[in-house]
Amino acid sequence: MGKLNNLQNGGQSLIEAMVAISIFITVVGAITTALYSGQSIAIDAENAGTAAELAVEGREAVRSIRNRDWAEFTNGIHGLRFVSGQWEFSGVSDIRDIFTRVVSLQAIDSNTKIATTTITWSTDGRIQKTEVVEKLTHWDNVAQGTCKIGPLIGNWANPQVLGSADLGAGVSGTDVVAKLPYVFMSGTSNTSSKHDIFAFDVSNPALPTLVKSLDIGSGGINSLFVKGNYLYAVSPNDSKELMVFDITNPATMSQVGVYNLSGGGDALSVYVFSNTVAVGRSGAATNELAFLNVSNPALPAVISEISTGGSIYDFAASDNKLYLVSQESDPDVWVYDISNPLAPAFVTNYDIPGITEDISLFIQESQTGAAAFNILDGNIQNELIVVGATTTLASGWYVRDRIDLGGDVNDIVCAEGNLAFLATTNSNKEFSIVNIGNPDNIIEYASLNFPQSGSGIDFADNKVFMSVRSNDALRIITSGP
């Protein structure tokens, strides 16, 4: 009986041992699987993070190529490489370790393309992918004066200052224009020996870097316009109301052309279309509007001079039409046909109802492709006014809405979307944003307070560049998160 019990106990022990071994194997297998799965998840997360970094790097590389030369920005499939301090397209893909990067460019129109940066990689036979998609615009070629200069991104209800730069003691900012990755500023001071024109590298918008500045002599500069490799500037200086600067390399910016307009009226504004420059002058001039041929930028030549009866502070252009505001004259907005750039022809003018002394202008084109458009008009009565237009003839124009912003509206720029950015003299809202999504009910949207008046404004790459009449005259602003 005892032997039988021993046999039974031995058999039971064997079974228990086998069960224990089975459990052990199962647990070890589960632990191994868990460890492997955890390692796999960690590897996947690391790979996804690296892919995201490569996609963002690709996006920035694509932007830099666009900024450098639109001619390089060809449709199709591209790889990227970094050579001699700059990005360029190379082949149909580029490979980093296990990652393959492809940039696809697809045209929407002659000035706008969709850039898709795609990163693919394989993990344990699993193909994975991440993408960054962005709409990019040909800054130089898009008509400066329409709202088709780039999409709005982020929270513009909470604008933030990215960076700033000073023009030197006693120099006030008067205007700013962007030709990324550079920004050009003009200034004025009471001392003729101080510099008046400045080129900043804004590749790092948090730390703008001055690469060149020039002294034009007395008077300073009132307004700027960039077209191609030339910067056009106008001045109160009676011997050089119009100046042309070669900015092929902004670090070696130099004056190549100058023109002395007749009489003593200050030059206040400038606009360039084709090979023609429009210069607006103060009411002290016999003719406040001048058109000049700059086919040879070194030798500007007058095409025609016209009297509007008031100082011309701003221009805008759209659809072969040039618009200007004449401050003291009864007709506030004037229109010229510029389809033949060497023979601009008067079309019409319009008197905005009420007492308006107008100093800034911008065109908001229809988002639907319709012929109608809006004229954004700023004046020294603290107003932004939206004038609706169903035709370029003033008979089809009407005031849609007007808003009091508490200060002169010195400059206007609107981005693709529903917002207009303003430089004003309001002591608490020098930078103002107005929602123009409903032109019949425009509303204040956001603002920033700077030490002195805003004088000029431009928009590019989801950033506002603003000139201020104070220290830190250049302000770079973008949207909040």
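For region 67-77, the criterion of a residue being at pLDDT 60 or above, under 30 Å from residue 127 (Cβ atoms) and part of a strand (DSSP E or B) is satisfied by at least one position.
If you check 376, 342, 422 for being closer than 30 Å to residue 275 by Cβ and in a strand (DSSP E or B), only one passes: 376.
Among the residues making up region 91-105, those that are touching a residue at least 24 places away in the same chain (Cβ under 8 Å) and hydrophobic (A, V, I, L, M, F, W, C) are 98, 99, 102, 103, 105. The residues of region 211-247 that are assigned to a strand (DSSP E or B), under 19 Å from the mean Cα position of the chain (by Cα) and farther than 20 Å from residue 282 by Cα, listed by number, are 226, 227, 230, 231.
Can you confirm whether region 49-58 contains a residue that is at pLDDT 90 or above, surrounded by 13 or more Cβ atoms within 10 Å (Cβ to Cβ) and assigned to a strand (DSSP E or B)? Among the residues of region 49-58, not one is at pLDDT 90 or above, surrounded by 13 or more Cβ atoms within 10 Å (Cβ to Cβ) and assigned to a strand (DSSP E or B), which makes the answer no.
Looking only at region 345-355, residues that are in contact with an Asp or Glu (Cβ under 9 Å, 6 or more places away or on another chain) and in a strand (DSSP E or B) come to 5 in all.
Does residue 201 qualify as being within 26 Å of residue 164 (Cβ to Cβ) and of a type in the set (D, E, K, R)? Here the answer is yes, as residue 201 does meet what is asked. Picking from 71, 52, 61, which residue would you name as being of a type outside the set (S, T, N, Q), in contact with a Leu (Cβ under 6 Å, 6 or more places away or on another chain) and within 19 Å of residue 114 (Cα to Cα)? Answer to the selection: 61. Within the option set 118, 123, being β-branched (Val, Ile, Thr), out of contact with any Phe, Trp or Tyr (no Cβ under 7 Å at 6 or more places or on another chain), in the same structural domain as residue 54 (by TED's automatic domain parsing) and at pLDDT 95 or above holds for one residue only, 118.
Report yes if residue 149 is modelled with pLDDT under 95, within 30 Å of residue 224 (Cβ to Cβ) and not assigned by TED's automatic domain parsing to the domain that holds residue 320, otherwise no. It is true that residue 149 is modelled with pLDDT under 95, within 30 Å of residue 224 (Cβ to Cβ) and not assigned by TED's automatic domain parsing to the domain that holds residue 320.
For the criterion of being at pLDDT 95 or above and either touching a helix residue (DSSP H, G or I) at 6+ places or on another chain (Cβ under 7 Å) or more than 23 Å from residue 462 (Cβ to Cβ) (or both), residue 222 passes. Scan region 181-204 for residues that are under 21 Å from residue 249 (Cβ atoms), in contact with an Asp or Glu (Cβ under 9 Å, 6 or more places away or on another chain) and surrounded by fewer than 20 Cβ atoms within 10 Å (Cβ to Cβ) and the total you get is 2. Would you mind finding the one in 363, 312 that is at pLDDT below 90, of a type in the set (A, V, I, L, M), touching a strand residue (DSSP E or B) at 6+ places or on another chain (Cβ under 8 Å) and surrounded by 21 or more Cβ atoms within 10 Å (Cβ to Cβ)? The conditions single out 363. Restricting attention to region 405-419 and to residues that are modelled with pLDDT of 95 or more and either out of contact with any strand residue (DSSP E or B) (no Cβ under 6 Å at 6 or more places or on another chain) or aliphatic (A, V, I, L, M) (or both), the residue that is surrounded by the fewest Cβ atoms within 10 Å (Cβ to Cβ) turns out to be 406.
Comparison of 256, 279, 302 shows that the only residue that is assigned by TED's automatic domain parsing to the domain that holds residue 200, of a type outside the set (Gly, Ala, Ser), buried (at least 18 other Cβ atoms within 10 Å of the Cβ) and in contact (Cβ under 8 Å) with a residue 12 or more places away in the chain is 279. Which one of these is aromatic (Phe, Trp, Tyr) and out of contact with any Gly (no Cβ under 9 Å at 6 or more places or on another chain): 373, 421? Selected residue: 421, the only one of 373, 421 that is aromatic (Phe, Trp, Tyr) and out of contact with any Gly (no Cβ under 9 Å at 6 or more places or on another chain).
If the condition is being closer than 19 Å to residue 49 by Cβ, of a type outside the set (Lys, Arg) and surrounded by fewer than 12 Cβ atoms within 10 Å (Cβ to Cβ), then region 78-134 contributes 95, 97, 124, 127. Residue count for region 296-315 under the criterion of being out of contact with any Ser or Thr (no Cβ under 9 Å at 6 or more places or on another chain) and either farther than 21 Å from residue 335 by Cα or in a loop (DSSP other than H, G, I, E, B) (or both): the result is 5.
Taken together, 217, 163, 170, 154 contain a single residue that is in contact with a Lys or Arg (Cβ under 9 Å, 6 or more places away or on another chain) and in contact (Cβ under 8 Å) with a residue 40 or more places away in the chain, which is 163. Going by the conditions given, is residue 436 of a type in the set (A, V, I, L, M, F, W, C) and either within 19 Å of the chain's Cα centre (by Cα) or modelled with pLDDT under 95 (or both)? Yes.
The values are calculated or read from the model by the stated rules, or taken from the named source; none is laboratory data. These numbers come from a predicted model, not from an experiment. Positions of Cβ are generated from backbone atoms using ideal geometry, with glycine treated the same way; all protein chains shown enter the neighbour counts.
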